Amino acid sequence: MEPLIEARGLCKRFGGILAVDHLALSVEQGELVGLIGPNGSGKTTTINMLTGHLKPTAGEVLLRGERTEGAAPSSFAARKVGRTFQITQLFSRMTVLENMLVPGLARPYSLRSEATRQARGHLEFLGLAKLEGLQAKNLSGGQQKLLELGRALMLDPDILFLDEPFAGVNPFLRDEIIGLIQQLHADGRTFVIVDHDIEAIQRLVKRLVVMARGAKIADGAVEDVSHDPEVLRAYAGV
Amino acid sequence: MTRSLAGQAALIAVAAVAALIFPQLVNNYWLSVGITALFYAIVAASWALLVGYAGQFSFGQMAFVSMGAYTSGMLARYYDVPIPLGIATGVVLCAATGCVIGYVCLRMRGPYLALFTVAFSEVLRIVLVSEAEVTGGNGGLQIPSLFQGRSDLPYYYLGLALLGGSLALMGWLVRSRWGLFFRAIRENEDAAAAAGVKVVRFRLLAFAIAAMFAGLAGGFFGHYVGILTPDIGSVDQMGLVVAMAVIGGPESLIAATIGAILVEFLLEALRAYEQWRLVLFALVLLLTVRFARNGLLALGADSLLRLVRRQDASAKARTA
């Protein structure tokens, strides 16, 4: 089966630093993949290249077999690639509903009434329905994370890249987010999740990809990767 | 209709009636001030659209005014092009130049963008000064008037119609999905792009549309004044427009418009105080930026809204 998204020989250089070094990664439709690694291992840079926010220095990004490296982020969004950010990025002085309507109305030929109906449905699902008139900056940190997820859902994404969805989140909300991701995954959506919360990641995913110093050092089932000596060395420095 | 909507409709109706009967109440001098205020109001609103809604801090709006005025003026003077067609040509040229400026500035933000647009304005002004054979240089370029006769009245009503039309169009725009995208870009370009907004396209559109309205205002005002000098696009003039919009409220077209009209009238009313009136306005500007980032009118409107809501709540409590 053709992968939903695939990176071939992906490199990103920032001046003298090779942040991502010939990365090969493919994600099939319906997978739930965890992408982990120590700080500075190139995870976020990889996500940025796979969603159009960074142009690779070299290599290819194939989305459903079509080369898309270097395309604008809006072009990835139009091809049903959604993402959240490491540090939550909202339209702070716009209301919760307006935040949701931006992706809804960015779709060609979309109708405001239909986008609003869809947005309210997602807000209901995320437990934010009563806050739709509030400015996003007035939400709590956890609610902001949920809103960012909701905004990505408005793209009706086939694949969602979540960058540290559990960072700074209390255990109750973390469980809630895990539950939401599981529901969305059960509906057929593909996920790539970056996080440092190994316990949460292990609860969620079946496949783990580990990066260190810009390169992929392990890729496989959670149980296998967890005991991989190179992974242990990268994390523990042993 | 809610009380706030009814209040807004009533305010607009009162403002419209006041604007329509204004010429009957004042002498020629104040009518001329009124026309100048209408011109500044269009420019301030267009700047609010670009800066307040789309978040592109430009100092080049008066350069587009200058471009619109000189394009129309020179076409009418040298080629006998009908003035409305000349103004339309100026508007199109401003839109195209706005697109180019927007494209060149794609990677610039905040102070860098502001500095670039200052430089653009100065380049245009110096070209107008230097090419004196064609532009008249600092001595000015006489251009035909839009209306025959000596009355300012037709200019006033045309200016009023242009302001009303511009506000209606800009208002429609900011309430449309384009307005939503402009605000999303203002808030966070990365998030807007991730949400599917074509950031480059909408940044260019914001520059082009704001430049169009500035060019329109320039064309109208140039043919009213009848003599063009490069100073119309100076940084001083741009500073005045920024002050007008900021004092009114840069994130509201109406507030920026009212700010422009108020400042223009107050500047004239306080003319006896000469340079001290400028010190006064500078102080008002400083206080506004410090204590009312969204303008004095927005602050006043918010307070009024809170008062109305409090009254509504207490009325409901009494009925219950």
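Laboratory data are not the source of any read-out in this text; all were calculated from the coordinates shown. Just so we're clear, the structure is a prediction, and the values are computed from it rather than from any experiment. Glycine gets a Cβ as well: all are built from the backbone with ideal geometry, and neighbour counts include every protein chain shown.
Can I get the semi-axes of chain A's equivalent ellipsoid? Compute them from the C-alpha gyration tensor as square roots of 5 times the eigenvalues, in angstrom, largest first.
Taking √(5λ) for each Cα gyration eigenvalue gives 29, 21, 16 Å.
If you find the alpha carbon centre of region A:1-34 and of region A:115-187, how far apart are they in angstrom?
Computed from Cα coordinates, the inter-centre distance equals 25 Å.
Would you mind calculating the relative contact order of chain B from Cα pairs under 8 angstrom and at least 6 residues apart, reporting the percent as a whole number?
The value is 31 percent.
Determine the relative contact order of chain A: mean sequence separation of Cα pairs under 8 Å and six or more apart, normalised by residue count, in whole percent.
The normalised contact order for chain A reaches 26 percent.
Given H placed on each backbone N at 1.01 Å, which residues far from A:Met211 in sequence or on other chains put an amide H within less than 5 Å of it?
Long-range HN contacts for A:Met211: A:Ile36, A:Gly37, A:Ile217.
Please list log₁₀ I(q)/I(0) at q = 0.07 Å⁻¹ for chain B, using the Debye equation with identical point scatterers on the alpha-carbon positions.
Per q value, in the given order, log10 I(q)/I(0) is -0.29.
Note down the relative contact order for region A:90-147 as a percent, whole number, built from C-alpha pairs under 8 angstrom at least six residues apart.
49
Among DSSP beta bridges whose residues both lie in chain A, state the antiparallel percentage, nearest 5.
55
Please list the helices of chain B that count as membrane-span-like by this rule: a mean Kyte-Doolittle hydropathy of at least 0.0 together with Cα atoms stretching 18 Å or more along the helix axis, each helix being a complete DSSP H run.
Answer set is B:3-25, B:28-47, B:61-79, B:83-104, B:110-130, B:153-175, B:199-225, B:235-248, B:253-269, B:275-291, B:296-319.
Jot down the radius of gyration and Dmax of the protein assembly as shown, Cα atoms only, both in angstrom.
According to the Cα coordinates of the protein assembly as shown, Rg and Dmax are 28.1, 92 Å.
Go ahead and set up a Gaussian network model of chain A, Cα springs under 10 Å, then flag whichever of A:Phe161, A:Phe14, A:Phe125 fluctuates most.
A:Phe14
Please arrange B:Glu189, B:Glu264 by how many other C-beta atoms lie within 10 Å of their C-beta, fewest to most.
Final ranking by Cβ density, sparse to dense: B:Glu189, B:Glu264.
Which value, in debye to the nearest 20, gives the size of the charge dipole of chain A about its Cα centre, when Lys and Arg are +1 and Asp and Glu are -1 at the Cβ?
So the magnitude is around 780 debye.
Can you pull the semi-axes for region A:90-147, root of five times each eigenvalue of the Cα gyration tensor, sorted largest first, whole Å?
19, 12, 9
Give me the distance between the Cα centres of region A:189-235 and region A:50-83, rounded to whole Å.
Measuring centre to centre over Cα atoms gives 23 Å.
Only bridges with both residues in the protein assembly as shown count here: give the DSSP antiparallel percent, nearest 5.
Counting only bridges with both partners in the protein assembly as shown, antiparallel ones make up about 60 percent.
Using a 7 Å offset from the Cα along the Cα-to-Cβ direction at both B:Arg201 and B:Gln311, what is the distance between the two label points in nm, to one decimal?
So the label points at B:Arg201 and B:Gln311 sit 4.6 nm apart.
Give me, ordered by chain and number, the residues 5 or more places off B:Gln56 or on other chains with an amide H under 5 Å from its own placed amide H.
It is B:Val51, by chain and number.
What is the order of B:Tyr157, B:Tyr224, fewest Cβ neighbours within 10 Å to most?
Fewest-to-most ranking of B:Tyr157, B:Tyr224: B:Tyr157, B:Tyr224.
Just to be sure I understand: with springs between alpha-carbon atoms less than 10 Å apart, which residue in B:Arg109, B:Arg309, B:Arg201 has the highest mean-square fluctuation in the Gaussian network model of chain B?
The residue that fluctuates most here is B:Arg309.
Mind sorting B:Met244, B:Met108 by how few other Cβ atoms lie within 10 Å of their own Cβ, fewest first?
Ranking B:Met244, B:Met108 by Cβ neighbours within 10 Å, fewest first, gives B:Met108, B:Met244.
For the protein assembly as shown, what is the calculated [θ] at 222 nm in deg cm²/dmol (nearest 500), taking -39500 (n - 2.57) for each run of four or more DSSP H residues and dividing by its residue count?
Result for the protein assembly as shown: -19500 deg cm²/dmol, rounded to the nearest 500.
Under a crude label model (7 Å from the Cα following the beta-carbon direction), how far is A:Glu230 from A:Ser140 in nanometres?
4.2
Would you please name the trypsin sites (Lys or Arg not before Pro) within region A:40-74 that are DSSP coil residues with at most 15 other C-beta atoms within 10 Å of their C-beta?
In loop regions of region A:40-74 (DSSP not H, G, I, E or B), the sparsely surrounded trypsin sites (Lys or Arg not before Pro) are A:Arg64.
Taking amide H positions as placed in the peptide plane 1.01 Å from N, state which residues far from A:Phe191 in sequence (5 or more) or on other chains have amide H under 5 Å from it.
Close amide H contacts, sequence-distant or interchain: A:Glu31, A:Leu32, A:Val33, A:Leu160.
Who wins for biggest fluctuation among B:Gln61, B:Gln142, B:Gln24 in a Gaussian network model of chain B, springs between alpha carbons below 10 Å?
Judging by the Gaussian network model, the answer is B:Gln24.
Counting Lys and Arg as +1 and Asp and Glu as -1, each charge on the Cβ, what is the dipole of the protein assembly as shown about the Cα centre in debye, to the nearest 20?
Charge dipole, the protein assembly as shown, about its Cα centre: 1000 debye, nearest 20.
Where a Cα-Cα gap under 25 Å defines reach, which lysines qualify for A:Lys206, not counting those fewer than 8 residues away within the same chain?
A:Lys43, A:Lys80, A:Lys145, A:Lys216
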